[in-house]
Amino acid sequence: MSEQLENSVSVIKQQIALMKKCLDQKNRLMDALKHCSTFLSELRTNALTPKQYYEMYILVFDGLSYLSSFLRDTHPNNHLADLYELVQYAGNIIPRLYLMITVGTVYMSIPNSPKKEIMKDMIEMCRGVQHPVRGLFLRYYLSQRTKDLLPVDDESLDDSIKFIITNFIEMNKLWVRLQHQGHSSERSKRTKERKELQILVGSNLVRLSQLEKIDKNYYKEFILPTILEQIVQCKDMIAQEYLLDVITQVFPDEFQVSTLEEFLSTTLALNDAVSLKKIVLALINRLIGFKQRESDLATTSNFLDVFIKYVENLDSLKPDLPLDDFFAILEGVCKICIIYHPEDYQNVNRIFQHALAKSKEHQGKPSDLILENYWKLLLLAPVLNYSSVKSILELDDTYFDFLTAQKPQLQSSVSMEVLDRLLDNNFKIETPGQVNKIFRYISTLLEEGNPTMKQLGLDPAQSIEVQKQQEKLAKFLHLLYSSDPFAHFELIRLSKTHLSKNSIRIQSTYPTLVSILLKIIRKLKLINYIDLENPTAVLQVKNVFRFISTTINELYQQSAENVPQSCVNLNLLAAQLANEVGLVDIAYEFFIESFIIYEESIVDSRLQYQVLLLIISKLHSCNNLITSSMENYDTLITKTALYGSKLLKKPDQCRAVYNASHLWWVIQQNEEEDDDETEEGEEPKPAPQIPLKKDNKRVLECLQKSLRIADSTLDTSASLELFVEILNRSLYYFIHGNELVTIKYINGLIELIQNNFNAMTSGNENETIRQEFNRTLQYIKEQGSIDERFQHIVLV
Amino acid sequence: MLILAIGDFHIPERAVDLPAKFKKLLSPTGKIQQVLCLGNVSQSYSTLEFLRSISSDLQIVKGEFDHDLSLPLSATFTYDKLKVGIVNGFSIIPHGDPLSLLTQARLMDADILISGGTHRVEAYTLDGKFFINPGSATGAFSTSPPDNEELEAIASILAEAKAAITEPKDEKPKTENTKPDDEGPKENADVKEESKEPESEEPTPVNEQPPLPEPTIDGEKEEGEKPLSTADIEDYLDQIPSFCLLDIQGSVCTLYLYTYIDGDVKVDKVTYRKEEY
Amino acid sequence: MSLFFKTPLDIEVRLDGDDSREHVEVKNAKGRKEKLPLYKDGETVRGQVTVRIKDNKRVEHTGVKVQLLGSIEIQNDGLQSDDFLSLAHELASPGDLTHPETFQFEFRNVEKQYESYRGANVRLRYYIKVTVSRKSADVIREKELWVHQHQGAVEESAPPPPSSVKMDVGIEDCLHIEFEYSRNRYSLKDVIVGRIYFLLVRLKIKHMELSLIRRETCGAPPHQLSDSEVLIRFEIMDGAPVRGETIPIRLFLGGFDLTPTYKDVNKKFSTRTFLSLVLIDEDARRYFKQSEIILYRE
């Protein structure tokens, strides 16, 4: 607190105390008024900032409130009319007027007082204070004190309205004048001070809006025009921006709607420095809020016409309006059109027509990121604001013309928003027309990568931005849907023709297409449509598989790094589904496809191993292939085992081979008779088993082969580790009853491992393997209590 | 120590996203110290971002659809007195086989083995070890055939739908399969009056979807041009979205299984205590 | 001078109905307030004079008289006093005073032509003077009255008041205002109402005041003596107005101690009142415009 303020505050507090003391005694009103006048004199200061002055004002207000209620309570001991005259002898105008208002308002509060005259007198006399800050506070005081006293009966309402308006006009003048006070170097300080004071001016409009019984027509015919006239006349930017905003905020929604034309035409008469954008958008947001608050609100289309005409006339009436602002306003108008009359697509089309024309003004000029952002927002207006996503699909060419006129990057971000909106709403796209329309929205995402990235030598497909785009595009494909699986298939087929336009990008979308198609096949299976006896159905389903195969092959033609792995995976999935529906030949074909890709294109040895495991896993699950096409199955598993033995690294070879052993040992768990559900946390009971393939010999051969590979491994630790794994694998078969995996065989293995350990010098790594081995032995020991066969295994 | 086990996202190939309620549950609070991801995630940039937001300590094992070869196939972590192993599941042969998993756990010296790949959430103990499959966080479609339970569920849905369609023309209305609906008898009364109307025009009280083709189990061919529809089974095609939280204290692991069923999140709790010798 | 001598007797002057009569509070030369009984023109002045001897000593006198005097005293290189009214009654013939004696007196329907006035250099006073004549020093006792002259709203000599007085005031290219007030004649209980209209403002005005100045003039040229006294300072504007602004004026006169306008009091002096509009700029320069207003007592 400044010293100055501190002094004033202490004087005021002291004088208020003295005043109260006098008021509490008999016949000392005059002395009380003198103290009052003394503390009011503090308000004459020039030395404080508006904020400090406000602090002081608050204190003074409280002091005067005390006086005010005293006078009200002691009426009629104090003849208020006389007192009203008496206080006017005060030599200084500030104390005089504060006292006048204090007494005058008490006078107004008593029945049958000449309210109208008092109001008129007070407001007239306030003209004597021309100092902006002091005048604003004085008039604010007038406004605060009269707040609940203004008469609103039919006869007086008009006077009360005019009273407030007059006060508003005068306050605004003072407020505007403040800007021109002092040295021009303090301009920004003035601006800051004015903003601090703005609420005092705005409070008049708030008060006006709080008056009951104001008629909409009267508002339209008199109140608003008077206020607007003042706002226009003051020519002040801050005042115009602020006050128009206040009008927009404080008066009822219905009033705003009915005075749209008046308001908008006023905006064309403002100081050029005023941001039309701010004002118009505030109004639009208010009206949008109105619609959202009252959803069944009915307005005529004419109402939107006012807005559209307004933007169409902006060109000629406000030729200097920055393009940024123009487009911001256009976006707002677009938004309100959509929210009020979403079905009236013509409005939106008109807006985009105008946008396209207007954006041509910028042609040939350097890129302007801010402006482009407004274009983006405008393009997003329909995307984000239609309550029904479906409406987005109703826009016509004007929208797309404007969209395609934009830079690719901007188009992409619009595309992304479209996709987001669709995804957020889980909007199902059910007709080819809709599919085509949406691909118009997102066409940029399918185009060649960003040229600048290419120039920089970056692979556009690898950039994070592109990855995100393509991921979203792929997610979007899940929205294509029809409850009719074949219609669904057609939608997917159609989307593929769009996606295929940019072959570089298909690697991120085709896998999704394949997954969706596989799911369609699963559905056909589940509704029991796939009947192998029904040639039509089989043909139809084969068609889908054919299409899947084509899709995978097209993808395979792409020479990108991860494409072969994806294609192997997709072929395996297709094979799995084909097996499930009983089309075993097709399953076989897909396996063959994946083998071809494995041979041709999977080059990394780590990946080769992993792919092989997957192949083993998938083959192992192909029950129908095994039962009805054993020959083909045998071809496939033999090939697989061979691949395993050809892997580069010995440990990989070894593991692939012992895992491949399962291909000759396929036991179907028959759950059907397992009524007693396994409780969580309990050990599962052995289920009835149906052996689909049980070739003890080949299993053993595999184990033996893997043992040989392990043995030939030069790294003794690695070799030992593999032995332990083979021992474990052998135990699996021992438990499952492979007759060739005997106790003797297992004992042999254990001995082998033990010998190897003995032959080695101990090392840390060996310790880990030793523990693995010990755990295995421990397991065997424990199994002995469940399965007595285990008791015959010799534990070293 | 709170650990999230989650995996098999398959975004965007098979799923658009996790259920929103999961995302909300897993919004970053700092409570989860480590995320163990079971793979099939790395193709989705947005999902990786999401996982990293849960905890900066994100551990991923490679799934068959992950392209990043630098990811390990398995990993182990020790928390207090428990050792946890994670593995995607595609390398477990036979797929999901408990005995193979047990072998894997034994070799890894894991007390708890978390594996994925099957898209089916489960937890059980076997030979004193705790086996957890957090399922698929997105409930991604699984190319493994549905199990019997799933098939039965779908069969009963189809039967119900069929009953709804065939009921009006049934001379002896079946009541055991229809809901005790007040409108039932009334509809029947109406039908009797208008029994000459073609069947396809009949209003269906329970199901507003176009009628399904008659299942061809009994060998009869469905005549007519009724469109196929999969609307009834649509909700049952994908797996149940799920993930797990492990709260490990000393030698005790409290497991919370989160599943998303019919729009709601369900939580089951299982406690595992390592037997100490 | 008599104060320095112990007088042999006390004279008391009592006016009839003194208790109920209206009194006027005026400041005396020492600035102290005193209350004086108020009389009107033509009103009878009536009362008793009581003379008391002190210490029971007989006092011989050559007659006792009572006078009602009206005089104008001018302080101008010495006091110059002129009686414009002098009435006298003999209360007692020469003789001895041996005990207190009371005499009734009455001046019937005295014309009191002028108002009482106490100014800077001029005093116009009415008083009762009781003189006990003696061979040695006379014993004198005075008692002052206060007289108000009530004039009708319209003085025959004055032209009918205009509905308002308007003045254009200005400094070329700096300031141009219109100064308007209701009329140029006001009763002492009136209120001056008016307005200032700013046509051109290039000064940085800080305040605007209205003041009332009383100018008292006495003597004849070249020895004329004038004195101006600011009676009221009344701020009517705070801050700087802009062109087109109108500032209201309202000044209640009733609460102030004003003197009616007397253009010529017995060819001795005059009192006039001027309404002065003062503008004070930021550098504390004062710009003013004066114009006379006629005040009268209703």
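Give the calculated FRET efficiency between C:Thr62 and C:Ser228 to the nearest 0.05, with a Förster radius of 56 Å applied to their Cβ-Cβ distance.
0.75
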Open item on the list: Can you tell me the orientation of helix A:132-146 relative to chain A, as the angle in degrees between its alpha-carbon axis and the longest Cα principal axis, to the nearest 10?
Closed with: 90 degrees
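Report, in debye and to the nearest 20, how large the dipole of the protein assembly as shown comes out about its Cα centre when Lys and Arg carry +1 and Asp and Glu carry -1 on their Cβ.
Values: 157 positive and 201 negative charges, 1858 e Å.
Computed about the Cα centre, the dipole is about 8920 debye.
By how many nm would the segment from A:Ser295 to A:Asp397 grow when fully extended, if each residue of separation counts as 0.36 nm and the alpha-carbon distance is taken off?
Values: separation 102, 0.36 × 102 = 36.72 nm, distance 2.98 nm.
So the chain would gain 33.7 nm between A:Ser295 and A:Asp397.
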Open item on the list: Can you return the aspartates and glutamates within cross-link range of A:Lys235? Criterion is Cα-Cα under 14 Å, with same-chain partners fewer than 8 residues away left out.
Closed with: A:Asp272
- [ ] Could you give the size of the charge dipole of the range A:1-113 about its Cα centre, using +1 on the Cβ of each K and R and -1 on the Cβ of each D and E, expressed in debye and rounded to the nearest 20?
- [x] 120 debye
Task: Degrees between helix A:764-783 axis and first principal axis of chain A (Cα, 0 to 90, nearest 10) - done: 70 degrees
Task: Contact order normalised by residue count of the range C:165-296, Cα under 8 Å, 6+ apart, percent - done: 28 percent
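Taking a ≥ b ≥ c as the square roots of the Cα gyration tensor eigenvalues, with a/c under 1.5 meaning rounded and otherwise prolate when a/b beats b/c, else oblate, which class fits the range A:491-634? Intermediate results must be reported in sequence, preceding the final value.
On the way: a/c = 2.34, a/b = 1.14, b/c = 2.05.
In terms of gyration-tensor shape, oblate.
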Task: Unsatisfied cross-links (Cα-Cα over 29 Å) in the set A:Lys475/B:Lys269; A:Lys220/A:Lys335; A:Lys20/A:Lys51; A:Lys189/C:Lys204 - done: A:Lys475/B:Lys269
Open item on the list: Compute the helix-to-body angle for A:302-317: its Cα long axis versus the longest principal axis of chain A, expressed 0 to 90° and rounded to tens.
Closed with: 80 degrees
- [ ] Go through A:415-424, A:597-606, A:288-297 and give me the packing order, highest mean Cβ count within 10 Å leading.
- [x] A:415-424, A:597-606, A:288-297
Task: the range A:702-785 - charge dipole about Cα centre, Lys and Arg +1 at Cβ, Asp and Glu -1, debye rounded to 20 - done: 240 debye
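What FRET efficiency comes out for the pair B:Glu49/B:Ser156, r = Cβ-Cβ distance, R0 = 51 Å, nearest 0.05?
Here the calculated transfer efficiency is 0.80.
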TODO: Pull up the cross-link candidates among the lysines for C:Lys54, meaning alpha carbon to alpha carbon under 19 Å and not fewer than 8 places away within one chain.
DONE: C:Lys6, C:Lys135
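Calculate, for A:Asn349 and A:Asn426, the FRET efficiency according to 1/(1 + (r/R0)^6) with r their C-beta to C-beta distance and R0 30 Å; round to the nearest 0.05. Spell out each step's value before the answer.
Working: r = 27 Å, r/R0 = 0.92.
Working from the Cβ atoms, E equals 0.65.
When you look at the Cβ of every residue in C:233-246, what mean number of other chain Cβ atoms sits within 10 Å?
Mean partner shielding for this stretch: 6.
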Task: Label-point gap, in nm, between C:Glu12 and C:Asn121 - each point 7 angstrom along Cα→Cβ - done: 4.2 nm
Task: Number of partner chain Cβ atoms within 10 Å, mean per residue of A:507-519 - done: 3
Open item on the list: Could you order the peptides C:132-141, A:127-136 from most to least packed, using the average number of other C-beta atoms within 10 Å per residue?
Closed with: A:127-136, C:132-141
TODO: Quick one: what are the phi-derived ³J(HN,Hα) couplings along the range A:269-277, Karplus 6.51/-1.76/1.60 with θ = phi - 60°, whole Hz, x for glycine and proline?
DONE: 9, 8, 3, 5, 6, 5, 7, 4, 4
- [ ] Can you tell me the relative contact order of the range C:29-157? Whole percent, Cα pairs under 8 Å, sequence separation 6 or more.
- [x] 34 percent
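Given the peptides B:147-159, C:199-211, C:114-126, arrange them by the average over their residues of other C-beta atoms within 10 Å, most packed first. Working shown, then result.
On the way: B:147-159: 13.8, C:199-211: 18.1, C:114-126: 19.7.
Top to bottom by mean Cβ count within 10 Å: C:114-126, C:199-211, B:147-159.
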Open item on the list: Name the residue from C:Gln149, C:Tyr114, A:Thr166 whose Cα lies farthest towards the positive end of the charge dipole of the protein assembly as shown, charges +1 on Cβ of Lys and Arg and -1 on Cβ of Asp and Glu.
Closed with: C:Tyr114
Open item on the list: I want to check the label-to-label distance for A:Glu229 and C:His89. Put each point 7 Å from Cα in the C-beta direction and report it in nm to one decimal.
Closed with: 7.4 nm
Task: Among beta bridges that DSSP assigns inside the protein assembly as shown, antiparallel share in %, nearest 5 - done: 85 percent
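Give, in nm to one decimal, the length gained when the segment between C:Lys289 and C:Ala137 is fully stretched (0.36 nm per residue of separation minus the Cα-Cα distance).
Details: separation 152, 0.36 × 152 = 54.72 nm, distance 5.53 nm.
49.2 nm is the gain from fully extending C:Lys289 to C:Ala137.
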TODO: Before anything else, pin down the relative contact order of chain A: Cα pairs under 8 Å, at least 6 apart, normalised by residue count, whole percent.
DONE: 4 percent
Task: Members of A:Lys173/C:Lys289; A:Lys365/A:Lys390; C:Lys166/C:Lys206; A:Lys519/B:Lys266 lying beyond 30 Å, as alpha-carbon distances in this model show - done: A:Lys365/A:Lys390
Task: Radius 12 Å from Cβ of A:Leu518, net charge of other residues (Lys, Arg +1; Asp, Glu -1) - done: +3
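Hey, what number do you get for chain A at 222 nm if only DSSP H runs of n ≥ 4 count, each worth -39500 (n - 2.57), divided across all residues, to the nearest 500? Walk me through the numbers on the way to the answer.
Values: 36 runs with 550 residues, N = 796.
Using -39500 (n - 2.57) per qualifying helix, the result is -22500 deg cm²/dmol.
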Task: Top positive-direction residue, dipole computed over chain A with Cβ charges, set A:Gln210, A:Gln233, A:Leu380 - done: A:Gln233
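From the square roots a ≥ b ≥ c of the eigenvalues of the alpha-carbon gyration tensor of the range A:117-274, which class results: rounded (a/c under 1.5), prolate (a/b over b/c), or oblate? Can you show the working numbers first?
Values: a/c = 2.22, a/b = 1.20, b/c = 1.85.
Since a/c reaches 1.5 but b/c is at least a/b, the shape of the range A:117-274 is classed as oblate.
Across peptide A:524-536, what mean number of C-beta atoms from other chains lies inside 10 Å of a residue's C-beta?
4
Values quoted throughout were computed directly from the atomic coordinates according to the rules given, and no laboratory measurement underlies them. Because the structure is predicted, anything quoted here is derived from the model rather than measured. With ideal geometry, Cβ positions are generated from the backbone for all residues, glycine too; neighbour counts draw on all protein chains shown.
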